[in-house]
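The values are calculated or read from the model by the stated rules, or taken from the named source; none is laboratory data. Source: prediction; values computed, not measured. Glycine gets a Cβ as well: all are built from the backbone with ideal geometry, and neighbour counts include every protein chain shown.
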Amino acid sequence: MNRLLPFIGFMLLVALFGFGIWWNTQHDQSAIPSPLLNKPAPAFNLPKLYEPTQRVSKHDLLGKPYLLNVFASWCIECGVEHPVLTAEAPHLGVQLVGYNYKDAPDDAKRWLAQHGNPYALLIADEPGNTAIDFGVYGAPESFLIDAKGIIRYKHIGPFTPDVVASELKPAIATMLKEAR
Amino acid sequence: MRLLFGRSAPCARTLFVLANKQGIRAQGALLQALLAVLLAFSGLLHAQAIEPMPFANHAQELRFQHLTHELRCPMCQNETLADSNAPIARDLRNQVFRMMQQGRSDDEIKHYLVDRYSNYVLYDPPLTAGTWLLWFGPLLILLAGAGVVLMALRKRQRNGAGTTDASMDNVPTDNGDDW
């Protein structure tokens, strides 16, 4: 038995490190769980991308759930996510609102002209100050906000068809079921 | 860069004082002209430094440096807000600066960031249900190690006291201590 002790200790360490590796592959290490989840979305008042003189506030969007998608023309991952969003947007059951983050409006418009515009509404945060209130630290990030203005789900990084099917759609379904 | 500039300003001032003390007008004027050039140049240096901020005084700058070194950049999580070049780190540094100008305390600023980015932004995580293992894990490992050492010592004592025991005769070559 004594002879086996070091081996058992070694195997325990192997199991521990193996678990660590498995755990890290299951979780996105760069994703910070948002403290805003299930809390009211922060108040905002931002200009529309295409009509900068018109402003949109959180209050204006109450009453209908929406998916707020933070994107920018400088963001490479957004280009990866864009076809997925474009394909899924009509089937989501919620409005897709584009949040143009720290972007020159002309660059954003050119990018949308090139890649297509799946958004029902586009708001622009060029200085990026409102994004701090949302806890945004990069793009893309997406927030599912219900009719009462509560953040129900947040995804950090690009939406893939997998994530849409396994996370976004169930979250939307739960939200819509509760609203009924 | 910051260090270089930080040092160049007092240095220029010393020169100026020296020139005035000697009271040599012509040379003083020359020195003043030289200083004017140097000052213009230092302005250039300042512009090249990474985002100089208009601090009210040196104490405030030190406070800012201290605070931003205690906060973690959410984007590149192994860098402090002070060190990171990520756009979000720059924005958050500006936000910290703005809040300092508004007279908010360090705790208020940290609270503001934690509300938005969770405890991840703190390099010194608070003691919560989720972090007790982080705080006391090392102590647990130390205690476990002490337990193992204690057990081994006790066993050795027992073995030492009972070398003439019949049980030891059953182990002809290996006394269990060879590893």
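Yes or no, residue by residue, for (1) away from chain B (no Cβ under 14 Å); (2) surrounded by fewer than 20 Cβ atoms within 10 Å (Cβ to Cβ); (3) on the phi < 0 side of the Ramachandran plot:
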| site | (1), (2), (3) |
| --- | --- |
| A:Leu85 | yes, no, yes |
| A:Glu88 | yes, yes, yes |
| A:Tyr99 | yes, no, yes |
| A:Arg110 | yes, yes, yes |
| A:Tyr119 | yes, no, yes |
| A:Asp125 | no, no, yes |
| A:Ile132 | no, no, yes |
| A:Phe159 | yes, no, yes |
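Summed over the stretch A:87-118, residues that are of a type in the set (Phe, Trp, Tyr) and outside any helix (DSSP H, G or I) total 2. Screening the stretch A:60-86 for residues that are without any contact (Cβ under 8 Å) to a residue 60 or more places away in the chain and not in a loop (DSSP other than H, G, I, E, B) and picking the one that is farthest from the chain's Cα centre (by Cα) gives A:Asp60.
For (1) exposed (fewer than 11 other Cβ atoms within 10 Å of the Cβ); (2) closer than 21 Å to A:Pro140 by Cα, each residue gets a yes or a no:
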residue	(1), (2)
A:Leu4	yes, no
A:Ile8	yes, no
A:Thr25	yes, yes
A:Pro42	no, yes
A:Thr53	yes, no
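Across the stretch B:69-84, the qualifying residues are those that are under 17 Å from B:Pro125 (Cβ atoms) and assigned to a loop (DSSP other than H, G, I, E, B), and the one among them that is nearest to the other protein chains (Cβ to nearest Cβ) is B:Pro74. Hey, among the residues in the stretch B:70-111 that are touching a residue at least 12 places away in the same chain (Cβ under 8 Å), closer than 22 Å to A:Ala72 by Cα and among the charged types (D, E, K, R), which one's surrounded by the most Cβ atoms within 10 Å (Cβ to Cβ)? In this case the residue turns out to be B:Arg93.
The number of residues in the stretch B:50-65 that are of a type outside the set (S, T, N, Q) and farther than 20 Å from B:Asn85 by Cβ comes to 7.
Kindly indicate whether any position in the stretch A:134-153 is in a helix (DSSP H, G or I) and either of a type in the set (Gly, Ala, Ser) or surrounded by fewer than 21 Cβ atoms within 10 Å (Cβ to Cβ) (or both).
No, that holds for no residue.
Considering (1) over 23 Å from B:Asn119 (Cα atoms); (2) at pLDDT below 95, the lone condition that A:Met11 does not fulfil carries the number (2).
Is it the case, given these coordinates, that A:Pro33 is within 14 Å of chain B (Cβ to nearest Cβ), modelled with pLDDT under 95 and over 22 Å from the mean Cα position of the chain (by Cα)? It would help to see each step written out before you state the result.
On the way: within 14 Å of chain B (Cβ to nearest Cβ): yes; modelled with pLDDT under 95: yes; over 22 Å from the mean Cα position of the chain (by Cα): no.
Here the answer is no, as A:Pro33 does not meet what is asked.
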